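Below is one structure; the comments refer to it alone.
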Amino acid sequence: MKMERPKRTRLRRGGSETRPSLKKDQLVKLETEIGYRFTDHALINMAMTHPSALTAHQRYEQSNQRLEFLGDRVLGLVIAERLYVRRPDEAEGKLAPRLNRLVRKEACVEAARYKGLDRFVMLGESERRSGGATKDKVLGDVCEAVIGAIYLDGGLKAARKFIESAWKPVFEANKAGRVRDPKSLLQEWAQARRFSLPQYTEVKRSGPDHSPVFSVEVSVGEGVHRASGEGSSKQDAERAAAATLLDSLEDD
């Protein structure tokens, strides 16, 4: 059955614009997909509100941008905790690249699609016509905002439960080794923009001989784009640096 598109609410009451909100049946379906029932429905409505659905003065207070900021940090904590508990024999140098791969925007997008969040995003008319609900940036932000909303409404336990469920295909891909190596991804990014290949430079080595820590810097585009990373081997440090640079490029 075709779902009715969420409406943008722009009615004026007492001189102020009301917030966009999903209809009651849509909220029920969304909560079923998420696997969590909200006490404060204003939070989930905000999480599903793209800035394009609001006027300029509403965006910072009523769009999902602030919840996205919070959700990103909650996601990082939950994934870091999962890796720490489930991989007790791995050093920080190996855990860091795994963390970066599991919290990258691509992982958020896959989780959003897995949970069907694209069917509930509230967009401005222009953004909707341009296919906004299918855009990776929109979906990744919505997914992080939902995490933030669940955390505020139900705490860390509820947020962790959602992440464990929504990230199931991501975890399976990572376990099967289908997640791309960050060095390969960075090389493809550079080649697509006709830059020279990424350059890796060891800048520091510390720690005892039996347990060294390598610090590596990577640069792309004649040094315009730079990042550093650490690991228990040069390869681990290079992968960590590449993952960090990819994250910064994504943010930009």
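Across segment 225-252, what is the number of residues that are in contact (Cβ under 8 Å) with a residue 60 or more places away in the chain and part of a strand (DSSP E or B)? First the steps, then the outcome.
Quick first cut of segment 225-252, residues in contact (Cβ under 8 Å) with a residue 60 or more places away in the chain only: 229-233, 236-237, 239-240, 242-244, 246-247, 249-250.
In the following step, the residues that additionally are part of a strand (DSSP E or B) were identified as 229-231.
Going through segment 225-252 one residue at a time, the tally reaches 3.
Considering (1) modelled with pLDDT of 75 or more; (2) not in a loop (DSSP other than H, G, I, E, B), the lone condition that residue 61 does not fulfil carries the number (1). Sort out which residues of segment 200-224 are in contact (Cβ under 8 Å) with a residue 12 or more places away in the chain and not small (Gly, Ala, Ser), and write them in order of number. Those that are in contact (Cβ under 8 Å) with a residue 12 or more places away in the chain and not small (Gly, Ala, Ser): 200, 201, 202, 203, 212, 213, 214, 216, 217, 218, 220, 222. Summed over segment 119-169, the residues that are modelled with pLDDT under 85 and hydrophobic (A, V, I, L, M, F, W, C) give a count of 1. Kindly indicate whether residue 112 is under 15 Å from residue 162 (Cα atoms) and part of a helix (DSSP H, G or I). For residue 112, the condition - under 15 Å from residue 162 (Cα atoms) and part of a helix (DSSP H, G or I) - is met.
Find the residue count for segment 199-237, including only residues that are open to solvent by less than 60 Å² (accessible area, probe 1.4 Å), within 29 Å of residue 141 (Cβ to Cβ) and under 25 Å from the mean Cα position of the chain (by Cα). Number of matching residues: 6.
Can you find even one residue in segment 29-51 that is among the aliphatic types (A, V, I, L, M), modelled with pLDDT of 85 or more, surrounded by 20 or more Cβ atoms within 10 Å (Cβ to Cβ) and assigned to a loop (DSSP other than H, G, I, E, B)? Yes, some residue in segment 29-51 is among the aliphatic types (A, V, I, L, M), modelled with pLDDT of 85 or more, surrounded by 20 or more Cβ atoms within 10 Å (Cβ to Cβ) and assigned to a loop (DSSP other than H, G, I, E, B).
From the list 128, 194, the lone residue that is at positive phi and either in a loop (DSSP other than H, G, I, E, B) or open to solvent by 30 Å² or more (accessible area, probe 1.4 Å) (or both) is 194.
Only one residue in 139, 186 is open to solvent by less than 40 Å² (accessible area, probe 1.4 Å), assigned to a helix (DSSP H, G or I) and farther than 30 Å from residue 33 by Cβ. Which one? Step by step, each of 139, 186 is checked, and only 186 is open to solvent by less than 40 Å² (accessible area, probe 1.4 Å), assigned to a helix (DSSP H, G or I) and farther than 30 Å from residue 33 by Cβ.
The values are calculated or read from the model by the stated rules, or taken from the named source; none is laboratory data. Bear in mind that the values here come from a model prediction, so they are computed numbers and not experimental data. A quick note on method: Cβ atoms are made from the backbone with ideal geometry, for glycine too, and the neighbour counts reach across all protein chains shown. For the accessible areas, the whole protein counts, side chains as well, though only heavy atoms, and no ligand, DNA or RNA atoms are used. Shrake-Rupley method; radii C 1.70, N 1.55, O 1.52, S 1.80 Å.
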